[in-house]
1. Go over the candidates Ala344, Ala386, Ala362, Ala406 one by one and state the one that is assigned to a helix (DSSP H, G or I) and of a type in the set (Gly, Ala, Ser).
2. Name the single residue, out of those in the stretch 161-202 being assigned to a helix (DSSP H, G or I) and β-branched (Val, Ile, Thr), that is nearest to His371 (Cα to Cα).
3. Considering (1) modelled with pLDDT of 85 or more; (2) closer than 23 Å to Glu398 by Cα, say which one Ser426 fails and leave the rest.
4. Just checking, how many residues over the stretch 432-468 are farther than 17 Å from Ile319 by Cβ and among the charged types (D, E, K, R)?
5. Kindly indicate the residue of the stretch 150-174 that is open to solvent by 30 Å² or more (accessible area, probe 1.4 Å) and under 19 Å from Ala229 (Cβ atoms) and also farthest from the chain's Cα centre (by Cα) among those meeting that condition.
6. Only one of these is touching a residue at least 24 places away in the same chain (Cβ under 8 Å) and within 30 Å of Val383 (Cα to Cα): Gly147, Gly124. Name it.
7. For Leu452, all conditions in the list (1) over 20 Å from Phe292 (Cα atoms); (2) open to solvent by less than 30 Å² (accessible area, probe 1.4 Å); (3) within 37 Å of the chain's Cα centre (by Cα) hold save one; what is the number of the exception?
Amino acid sequence: DYVANLRLILVPIFNVDGHERESVYNRFTQVGPDSGFGTRRNALTLDLNRDFAKLETPECQALVRLASEFQPHIYVDLHTDDGMGHQYDILFSPAVNPTFPGERDALVRKRLAPYLVQSMEERGFLSRWIGWPANSLDLSKGIVGYGISTRLSTGYFETRQCISILSEAYPYKPYERRVRASDAFVRSILDFAATNRIDVCEAIDGARSKAIEWAQETGRHTIALGCRADRERGHEIAWQGKRFDVIMSEITGRRYPLYSEEDLTYNLPFFDKMLPRATAVMPHGYLMDAAFEHVAETLRRHAINVRRLSEPFECDVDIYRIKSASFQEQPYQGHHPLSDIEGAWSTEKRLFPAGTYWIPLAHPAGLTAMHLLEPESADALLVWNAFDTIFERGIILERWALEENARDLLEDETIRREYEEALADSAFAADPNARLEFFFQKTPYVEERERLYPVFRVLHGGPVKLAP
């Protein structure tokens, strides 16, 4: 019946490298299978489910390419959970970005999620919307729903406006029951899709068309660049958990929860409403410096429309100049991602030469492009080190010369006043390099490109003459 009403694509083993490295020691506490299980990382020790923004692994590239051709209405990613004790066979999350166009959120919350819980119960399994403790030592603080991150597959396909569903099978259930529960969960989704296929197609296709319209109504629509749970707005639920004790470790001196096998239902707040991690007004598109071919190639792998100007083009653009940022010290996914990015926006008229990249958003992958190119997005390509060269200084600075120059600059009353105000910051006052940098920024030697994000928002009137 499924194949008569639905088109299905199944990827039974996504992480082939990890699957082949079978061992009973690949997870610390998971119950079965007895022969062992694979690793969550591939042969390069990369977690594939952290690669959907930077899109560097062949596995993720292939899946995105397939999905870009197939344009699925529903995407499901099956996982095994870890962490706290509870009674559920399956926890799931079909969270929808509330700022995206269309009616998917109502369809998911009011119809799909309740249907899945009921269908799973009829099949003999317990399930509900996913969450984790706000405070692992005190469940009365409530359960917090998962957010939405573009680096994860479900967050990524949310930007493609699928109904994007994550499932987490309970790792402490017997292996056979986990498999049967996951099978039942997939069949429940397929039953819903087959029964409601017209409504699902209308909701998804309508939302995708509306997103293209929004890109042509520039300056009117604010988009959340990833979401997090709103911990201020909860509603009470009956959480079917396990009794636990809080243990004081004689080894580490820390406290931790130790769950028992005893079932216990808790009445507590559940926080599943979504708040933006950051926001941006949806532009008509972006212009990007021609030097960043590697970024253009990444965008193409996402099936994002990337063109080049065939002749110079002048227009008003929004510009982002980075004031400060930190590189993560420990490597993560083979990178040292950026964090704590602070910058300032301004608007100016600029002339862009032929060869500049043009990325329009009136395109099926327009919302994905926003999440990858907006500098304040948590999973922007900027965060994943695609633009690191803008933080490097081209000019050679002789410190003694700058010291002497600073003395001359202090004769300017405005600069002297700004410097004295800056000294009120004890961290600045104690940092000789920061003091010198203050004066360097007052000189004409500062390169215009340094810390200038080379991707520019175009709110109105994109280029017309483009290379074929």
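1. Details: Ala344 fails: assigned to a helix (DSSP H, G or I); Ala386 fails: assigned to a helix (DSSP H, G or I); Ala362 fails: assigned to a helix (DSSP H, G or I).
Answer to the selection: Ala406.
2. Quick first cut of the stretch 161-202, residues assigned to a helix (DSSP H, G or I) only: 175-195, 197-202.
Next cut, β-branched (Val, Ile, Thr) only: 179, 186, 189, 195, 198, 200.
Numbers: Val179: 34, Val186: 29, Ile189: 28, Thr195: 33, Ile198: 29, Val200: 24 Å.
Filtering first and then ranking leaves Val200.
3. Only one criterion is unmet by Ser426, namely (2).
4. 4
5. Here is the first cut: in the stretch 150-174, the residues open to solvent by 30 Å² or more (accessible area, probe 1.4 Å) are 151-152, 172-174.
Add one more test, that the residue is under 19 Å from Ala229 (Cβ atoms), and what stays is 151-152.
Values: Arg151: 4, Leu152: 6 Å.
Across the stretch 150-174, the extreme among qualifying residues is Leu152.
6. Values: Gly124 fails: within 30 Å of Val383 (Cα to Cα).
Only one candidate passes the filter, namely Gly147.
7. Every condition holds for Leu452 apart from (1).
Per-residue answers, yes or no, for (1) open to solvent by less than 30 Å² (accessible area, probe 1.4 Å); (2) within 29 Å of Arg40 (Cα to Cα); (3) of a type outside the set (D, E, K, R):
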| residue | (1), (2), (3) |
| --- | --- |
| Asp138 | no, no, no |
| Gly145 | yes, yes, yes |
| Glu176 | no, yes, no |
| Val186 | no, yes, yes |
| Asp205 | no, no, no |
| Ala211 | yes, no, yes |
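The values are calculated or read from the model by the stated rules, or taken from the named source; none is laboratory data. Everything quoted here is computed from the prediction, not taken from an experiment. Every residue, glycine as well, gets a Cβ built from its backbone with ideal geometry; the counts of neighbours run over all protein chains shown. Each accessible area value is taken on the protein alone, full model and side chains, heavy atoms only, with ligands, DNA and RNA left out. Shrake-Rupley method; radii C 1.70, N 1.55, O 1.52, S 1.80 Å.
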